[in-house]
Amino acid sequence: MAIYHLFALSVIALASLVQPAPPAFPPSSPVPLSRPAQPMPPENFSRTGLYKTKNVVLVMCDGLRWQEVFSGADAKLITKEQGVTDVPGTTAAYMRDTPEARREVLLPFIWGTAAKQGVLYGNRTKGSLSSVVNQYRVSYPGYTETLCGFPGKNIKDNRKIENPDVTVFEYLHGQPGFAGKVAAFTTWDVFSFIFNTQRCGFPVFSGVGPIAFGTTNDAMRLWDVARAETPCPWSGSCYDSASFRPALEWIKLNTPRLVFLGLGETDEFAHEGKYRMYLDSAHKFDAYVKDLWTTLQAMEQYKDTTTLILTCDHGRGGGTGLGAQLNQWRDHNDKTVGAEETWIIVLGPDTPALGERIEGPAVTNSQIAATIATLLGTDYNKSQPRAGPPLAEAMKPLAR
């Protein structure tokens, strides 16, 4: 905790960028048993020029559970046993009488804007299923499934091995109009292996060292200094702010067409069993997404031509299946019930305002890669037939 506060002090010069303290959520509603999600059929498949989208930003919040996304904070976890040192303060900050009120105070942008203008998958209490299809349910397999469109054959854990498969980011970087217009900013050094920086051809910031590519400015260099001088309790990682804030500056300066943002605090604090800090990081993630969306919509390059996709790389314990245990919210692996359960949000000019899905098609993270490529005018499934089909319901082609 002391180290975390030290980091905030170290970047006081950027105080205007620091997010306000979170406002303020009771137990999640009963959920049915899990059932496996199946990809949707590819109806209304993409054709070049059918979509308004010219840019895509994919933001992944590591290990953020669908339970908090759709029901807000869980009262059963706001205890000292779950790492909450200030139970009254956390209750006041995040507890409300209904799941809808709790989620709105935890994630105000998602529920105030994305839910009204886009589509949200994954509320299992309402029969909307979103899942990873890989069997390992840890980060590297989850990211490669999402970024490549299929589980990696030899990607079974988080070991630092070069990804043999090509991500949709690498694929698009090789398409006309995307060279030099693709970038990734993350908080974890394994991402250099996930994207395979030895081969991919576009810059990847992995949370360590300075950001030394493209056009930079003084604000970014200040973050580089703060990142280097501030101890981080997690090996090979940095705090979310130390990656997101310079990434936002870089986007404004370099106007890329395809960007990946990977934020990791939610997963780190969950593994440590610190539920309040997990909630705070989820709230901060939402604030970052708001800043990102507001910035993009204020720029001619991005206004009304940018699609934003939000998701996670895996679920956590305490899920919906038989044998799920509340205390397993800290964990995720192939033996953790509920760790395959994810959520997906799409917001952009080609996405109908369907809001929170009730029943409807089951979806998977393996469909996100083809969705990105489809919106940007290419047929990824033709190039990579192992990839899941695009999220057809989340894309409404222009009338001709």
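If packing is taken as the mean number of other Cβ atoms within 10 Å per residue, what is the order of 129-136, 308-315, highest first? Walk me through the numbers before you get to the answer.
Numbers: 129-136: 22.9, 308-315: 26.5.
For the peptides 129-136, 308-315, the packing ranking is 308-315, 129-136.
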Averaged across orientations, what area in nm² does the convex hull of the alpha carbons in the range 179-237 project? 4.3
Hey, what's the Kirkwood Rh for the range 79-237 if you take every pair of different alpha carbons, in angstrom? 19.2
Hey, could you grab the Kirkwood Rh for the chain? Inverse mean 1/r over distinct alpha carbon pairs, Å, one decimal. 20.9
What whole-number value in cubic angstrom gives the convex hull volume per residue for the C-alpha atoms of the range 101-151? 124
With Rh as the Kirkwood radius over Cα pairs, the range 150-216 has Rg/Rh of 0.97
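Taking a ≥ b ≥ c as the square roots of the Cα gyration tensor eigenvalues, with a/c under 1.5 meaning rounded and otherwise prolate when a/b beats b/c, else oblate, which class fits the range 159-273? List each step's numbers first, then the result.
Values: a/c = 2.09, a/b = 1.24, b/c = 1.69.
Oblate is the answer for the range 159-273, as a/c is 1.5 or above yet b/c matches or exceeds a/b.
Go through the range 265-329 and name the trypsin sites (Lys or Arg not before Pro) that are in a DSSP coil and have 16 or fewer other Cβ atoms within 10 Å of their Cβ.
Details: sites: Lys274, Arg276, Lys284, Lys290, Lys303, Arg316; in loops: Lys274, Lys303, Arg316.
Qualifying residues, ordered by number: Lys303.
If you take the square roots of the eigenvalues of the alpha-carbon gyration tensor of the range 357-400 and sort them as a ≥ b ≥ c, do you get rounded (a/c under 1.5), prolate (a/b over b/c) or oblate? Write out the running numbers ahead of the final one.
Numbers: a/c = 2.66, a/b = 1.12, b/c = 2.37.
It comes out oblate by the Cα gyration axes.
No value in this document is a laboratory result; all are computed from the given coordinates. Given the structure is predicted, the values throughout are model-derived calculations rather than measurements. When we count neighbours, we look across all protein chains shown, and the Cβ atoms used for this are built from the backbone with ideal geometry, even at glycine.
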